Amino acid sequence: MRMILAFLSLATAIYGQQPEARIKIDTERTIGEVHPYMFGNFAEHLGRVIYGGIYEEGGPLSDAQGYRRDTMKAVQDLGVTILRWPGGNFVSGYNWKDGIGPKDQRPARPDYAWGGVETNRFGTDEFLQYCERLGVAPYICINAGLGSIEDARNWVEYCNGDRKTYWADLRRKNGREKPYGVKVWGLGNELDGSWQMGHKNAEDYAKFALEAGKAMRWNDASIKLIASGSSNFGADWIGWNRTVLEKTAGLIDYISLHTYIGNRENDFERFLAASQNIEHYIRVVQGQIEAVQSGQRNPRPIYIAYDEWNVWYRARGEGDGRLEEIYNYEDALAMGMFFNCFFRHADIVKMANLAQLVNGIAPIFTNKAGLFLQPIYFPIAEYGKQRGNMSLDLLVRSPTYSVDNRPPLKYLDVSGTYNVKEGVVYLNVLNRSEKMDIASRIDNVAGTLDGEVGVWEMNQADLKATHTFGDDKKLRPAVRTIAAAVDGNGLTYNFPKHSLTILRLRVK
Ligand code: AHR
């Protein structure tokens, strides 16, 4: 009792009021590993993502192979672990065979997804060697729109074949002796959408995916397969996933989900309430996975690959520089919201790919002379340091708010992870109140909390502030170490309004 009173008076002394929120850490209550693939990315043939973004033959900033050196450095610092390619909508009209062999003999084709002309100068070998240079895992998405099962099967042979066979030999002839060993393959992109070339109903898609996956595995039994799940959440999104899961369970390793959000109403708190939808999608699909596996003795595990996610709502039309969103401070906070959702569901979300890497809806933005880092770059890089940690099942109490008729939502959006080896707990706290600082009591249950606390904080007055060339420093995080007053194995921390904070707490 005395302790409680001491704590209350201390907090009152500091903040003039009792802490309104409470976060309880128990490192023994874990959800699942934050899989390294949670920090995936995506590079589509679209606008200046590939050409001018990651690849610029003969450019002053490029190496002998044509890869932009400055972009490579920024990608490495971002902590990307797996890279999806070549689309996106683009892949549903893509013939991978156009993009191999001598570059000057490769055909130029109309890009039916995004307009313009695809020169095919960047193809399978250029992509896979780019991944090797970066040390990231490649993830190839097949053409399940206008493409064929045979093409998909042969693509695996080209990349992974180690015998003397036609497509493996062609790879050798093109200069690559050793198989690339591509482990992750997507069975098409957004086939549930009417905008997709070769859009299918769920039955037809599932049949294609099953046969394509089977044929691909006959070339390499070790590959992991991702079925195309919902990308739009209209009336029958649940039915699409149900059919796909029912037909492909036993074959696939992941089902994909896609979500883009935007602050269309210019309402900050509503914008950051999107976690309610995202977590709803995750929970529903997790239930559907359990349902198809129910009654089986030893089902093949299926996880969620959230393989397209981001803020995207401004640069959507023709003539917008092809999805070249200029991100602002509130968009950076949304990165925290997405990762908090994924971390809280780390038992089922085992991959997530930000869409996209450079220029088109991306954290890195180039021109011929250089690049700048968009505000969204910084939280992505920082959350990435938690890969491999155990996600924690935290108790969180916080003041709430409501959007429309939805259930109350906590102003403090929190996730936590534990690095067992280092004895460090990371608390990721997004304060999505536009007006209110929120003081929180943070209690620790297992082990003893140290007073030395690392603080990483994004906190800006102007929600709409942006970066540009030569001016990409102002929205960067502040990093400091504080000596917190630990009492009763806990401390009190004030989370400023509209801010994102990552606390690094040592537990001995
Ligand atoms: O990432 C941009 C586009 O968004 C992708 O091509 C498509 O899959 C999604 O609709």
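The values are calculated or read from the model by the stated rules, or taken from the named source; none is laboratory data. Worth saying up front: this structure is predicted, and the values here are computed from it rather than measured. When we count neighbours, we look across all protein chains shown, and the Cβ atoms used for this are built from the backbone with ideal geometry, even at glycine. What goes into the accessible areas is simple: the full protein's heavy atoms, side chains included, and nothing from ligands, DNA or RNA. Shrake-Rupley method; radii C 1.70, N 1.55, O 1.52, S 1.80 Å.
Overview of results
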| quantity | calculated |
| --- | --- |
| Helix 69-78 vs. the chain, principal-axis angle (Cα, 0 to 90°, nearest 10) | 50 |
| Rounded to 10°, Cα long-axis angle of helix 275-293 versus longest principal axis of the chain | 60 |
| With DNA, RNA and ligands ignored, accessible area of Thr481 (1.4 Å probe; Å², nearest 10) | 90 |
| Normalised per residue, the volume of the convex hull around the Cα set of the range 165-276 (Å³) | 168 |
| Dipole of the chain [Lys/Arg +1, Asp/Glu -1 at C-beta], most positive-end residue of Val455, Ala108, Gln374 | Val455 |
| Lys207 accessible area, 1.4 Å probe, all protein chains in place, Å² to nearest 10 | 140 |
| Helical mean residue ellipticity (222 nm; -39500 (n - 2.57) per DSSP H run of 4+; nearest 500) of the chain | -8000 deg cm²/dmol |
| Share, in percent, of DSSP beta bridges within the range 35-387 that are antiparallel, nearest 5 | 20 |
| The range 404-508, dipole about Cα centre (Lys/Arg Cβ +1, Asp/Glu Cβ -1), debye to the nearest 20 | 100 |
| Between helix 2-15 and the chain: long-axis angle, C-alpha atoms, 0 to 90°, nearest 10 | 70 |
| Rounded to the nearest 10 Å², the accessible area of Lys474 at probe 1.4 Å | 90 |
| In the range 432-508, chymotrypsin sites (Phe, Trp or Tyr not before Pro) in a DSSP loop with at most 13 other beta-carbon atoms within 10 Å | Phe469 |
| Per residue value of the accessible surface for the range 35-387 (all protein chains in place, 1.4 Å probe), Å² | 35 |
| Cα-based shape type of the range 280-434, given that a ≥ b ≥ c are square roots of the gyration tensor eigenvalues and the cut on a/c is 1.5 | prolate |
| Heavy-atom accessible surface of the chain: percent carbon and sulfur, 1.4 Å | 50 |
| For the range 35-387, Kirkwood radius (reciprocal of mean inverse C-alpha pair distance, Å) | 20.4 |
| Pairwise centroid distance, computed over Cα atoms, of the range 303-382 with the range 208-274, Å | 19 |
| Accessible surface, per residue, of the range 426-508 when the full set of protein chains is kept, probe 1.4 Å, Å² | 41 |
| All-pairs alpha carbon distance profile, the range 365-490, 10 Å steps from 0, percent | 10, 32, 34, 19, 5, 0 |
| Candidate lysines - alpha carbon under 17 Å from Lys214, same-chain residues fewer than 8 apart omitted | Lys183, Lys224, Lys247 |
| Candidate residues Lys97, Lys368, Lys247: accessible-area rank, largest first, probe 1.4 Å | Lys368, Lys247, Lys97 |
